[in-house]
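The values are calculated or read from the model by the stated rules, or taken from the named source; none is laboratory data. All figures in this text were calculated on a predicted structure; none of them were measured in a lab. With ideal geometry, Cβ positions are generated from the backbone for all residues, glycine too; neighbour counts draw on all protein chains shown.
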Amino acid sequence: MTTVLLVDDQLELRAIHGTYLREHGFHVVTAGDGESALVAARTEAPDIILLDHSLPLRMGLDVARELHDDPRTADIPIVMVTAHAYGAVGQKARAAGCVAFLAKPCAPSRVLQEVRRFTATASA
């Protein structure tokens, strides 16, 4: 089963997107801050990470950069999900190793589309 690490400081968004992904056959692990995201990425070995930009304790870009630089997690695709305009944040996200960018608010179906796009589980 494909594991998705869903990182967002908003409990409601974790619940909505997490439930939708679970209903489509994914195992979902959640984190509400940057430090927890780093721990979860290293202990859960997710197949993909959906990472909010604005997080407590550690910003999403810092988390992405650290995971990208760590040989244990460097190959995990990271999709930055944020309410910030694409522009500078999107460019920084790519530079930090993110494979894609989703603007909030985004429909759970759009999140599912990106998860499927970057994982081998097309039938999930």
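Before moving on, here are some points about what is shown:
- In segment 35-68, of all residues being among the charged types (D, E, K, R) and closer than 14 Å to Leu5 by Cα, the one that is surrounded by the most Cβ atoms within 10 Å (Cβ to Cβ) corresponds to Asp52.
- Complete set of residues in segment 91-112 that are without any contact (Cβ under 8 Å) to a residue 60 or more places away in the chain and in a helix (DSSP H, G or I): Gln91, Lys92, Ala93, Arg94, Ala95, Arg110
- Look at (1) in contact with a helix residue (DSSP H, G or I) (Cβ under 9 Å, 6 or more places away or on another chain); (2) of a type in the set (Asp, Glu); (3) closer than 18 Å to Ala103 by Cα and you find that Glu12 fails only one, number (1).
For every residue, the table says whether it meets (1) modelled with pLDDT under 95; (2) β-branched (Val, Ile, Thr); (3) farther than 21 Å from Lys104 by Cβ.
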{"position": "Thr19", "(1), (2), (3)": "no, yes, no"}
{"position": "Gly32", "(1), (2), (3)": "no, no, no"}
{"position": "Ala40", "(1), (2), (3)": "no, no, no"}
{"position": "Thr43", "(1), (2), (3)": "no, yes, yes"}
{"position": "His53", "(1), (2), (3)": "yes, no, no"}
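- Flag for Pro77 being over 16 Å from Asp8 (Cβ atoms) and crowded, with 18+ Cβ neighbours inside 10 Å: yes
- When each of Leu55, Leu21, Leu6 is tested for being in contact with a strand residue (DSSP E or B) (Cβ under 8 Å, 6 or more places away or on another chain) and assigned to a helix (DSSP H, G or I), the lone residue that passes is Leu21.
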